[in-house]
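The next block holds one structure in the form of structure tokens; read it before the comments.
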Amino acid sequence: MSDVLTISQVNELNYEDFIGRFGNVIEHCSICAAVVWRFRPFHDVHHLHQEICSFVDLLPDTGKEGVLRLLPDLTGRLAELDRLTQESAAEQKAAGLDTMTPEEKQLLKDTNAKYRDKFGFPFVICARQNKKEAILKGIVERLEHSATEELNIGIEEVKKICMLRLLSIVPDDK
């Protein structure tokens, strides 16, 4: 099986292969792929994304918080131990987080800890759509938000990450 699939190939995947390919489009949350498999056939990658987003949107707030807790801290302990998923490692590198100065890393580490303490889940931002400067600025600004605001923003960022990950598997044919 090639790395890239057409939507027709996606629609032909059995349950196990579907989860194998799409189980990490939302970090460590293969339940999303397990649920949406039943909605085949998908018209295109956007339809697949819509079904995943609909499932996430229907979760209670505690479920959405759980989804956010599955994501790693940016440049956190997992990154230091080289234990990020392949997708997360590539996304953090694309944002330039691997080029942070020791001072920037410490600022992000400290701010991540404050964020996690305040909200109970990690700061989530679509790293591939941002650079390190925007991420550092964003986490400081978002610390001022309410828990409800951050839950909603975090889930919207997860959806952006999901779409980019889907497009790396099923390119848009439009």
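Go through segment 124-171 and report how many residues are in contact with a Gly (Cβ under 7 Å, 6 or more places away or on another chain), outside any helix (DSSP H, G or I) and more than 25 Å from Cys32 (Cβ to Cβ).
The qualifying residues number 1.
Considering only segment 137-157, I want to know if a residue exists there that is at pLDDT 95 or above and touching a Cys at 6+ places or on another chain (Cβ under 6 Å).
Looking for residues that are at pLDDT 95 or above and touching a Cys at 6+ places or on another chain (Cβ under 6 Å), one finds at least one in segment 137-157, hence yes.
I need every pair where a residue in segment 82-99 that is over 17 Å from Lys131 (Cβ atoms) has its Cβ under 7 Å from the Cβ of a residue that is open to solvent by 20 Å² or more (accessible area, probe 1.4 Å) and part of a helix (DSSP H, G or I), sequence separation at least 6 or different chains.
Leu84/Leu78
Taking the condition open to solvent by 40 Å² or more (accessible area, probe 1.4 Å) and among the basic types (Lys, Arg), does Lys160 pass?
Yes, satisfied.
For segment 124-134, check the following and say yes or no: at least one residue is in contact with a helix residue (DSSP H, G or I) (Cβ under 8 Å, 6 or more places away or on another chain), under 24 Å from Phe55 (Cα atoms) and among the β-branched types (Val, Ile, Thr).
Checked against the condition, which is being in contact with a helix residue (DSSP H, G or I) (Cβ under 8 Å, 6 or more places away or on another chain), under 24 Å from Phe55 (Cα atoms) and among the β-branched types (Val, Ile, Thr), segment 124-134 yields at least one hit.
Determine which member of the set Glu16, Glu27, Glu87, Glu103 is within 27 Å of Leu151 (Cβ to Cβ) and surrounded by fewer than 18 Cβ atoms within 10 Å (Cβ to Cβ).
When all the criteria are applied, what remains is Glu87.
Could you please find all residues in segment 30-45 being open to solvent by less than 70 Å² (accessible area, probe 1.4 Å) and in a helix (DSSP H, G or I)?
Ser30, Cys32, Ala33, Ala34, Val35, Val36, Trp37, Val45, listed by residue number.
Residue by residue through segment 78-90, note down the ones that are part of a helix (DSSP H, G or I) and aliphatic (A, V, I, L, M).
Across segment 78-90, the qualifying residues are Leu78, Ala79, Ala89, Ala90.
So which residues in segment 106-138 are crowded, with 19+ Cβ neighbours inside 10 Å and of a type in the set (A, V, I, L, M, F, W, C)?
Hits for segment 106-138 are Leu108, Phe119, Phe121, Phe123, Val124, Ile125, Ala127, Ile135.
Any chance segment 35-44 includes a residue that's at pLDDT 95 or above, of a type in the set (Phe, Trp, Tyr) and within 16 Å of the chain's Cα centre (by Cα)?
no
Restricted to segment 47-77, and to residues that are assigned to a helix (DSSP H, G or I) and open to solvent by 60 Å² or more (accessible area, probe 1.4 Å), which residue is nearest to Pro102 (Cα to Cα)?
Step by step, filter segment 47-77, then rank; the result is Arg77.
Let me confirm something: among Leu70, Leu58, Leu74, which residue is more than 13 Å from the chain's Cα centre (by Cα) and at negative phi?
The conditions single out Leu58.
The values are calculated or read from the model by the stated rules, or taken from the named source; none is laboratory data. Every value quoted in this text rests on a predicted model; they were computed, and no experiment measured them. When we count neighbours, we look across all protein chains shown, and the Cβ atoms used for this are built from the backbone with ideal geometry, even at glycine. Surface areas here come from the heavy atoms of the whole protein model, side chains and all, with no ligands, DNA or RNA. Shrake-Rupley method; radii C 1.70, N 1.55, O 1.52, S 1.80 Å.
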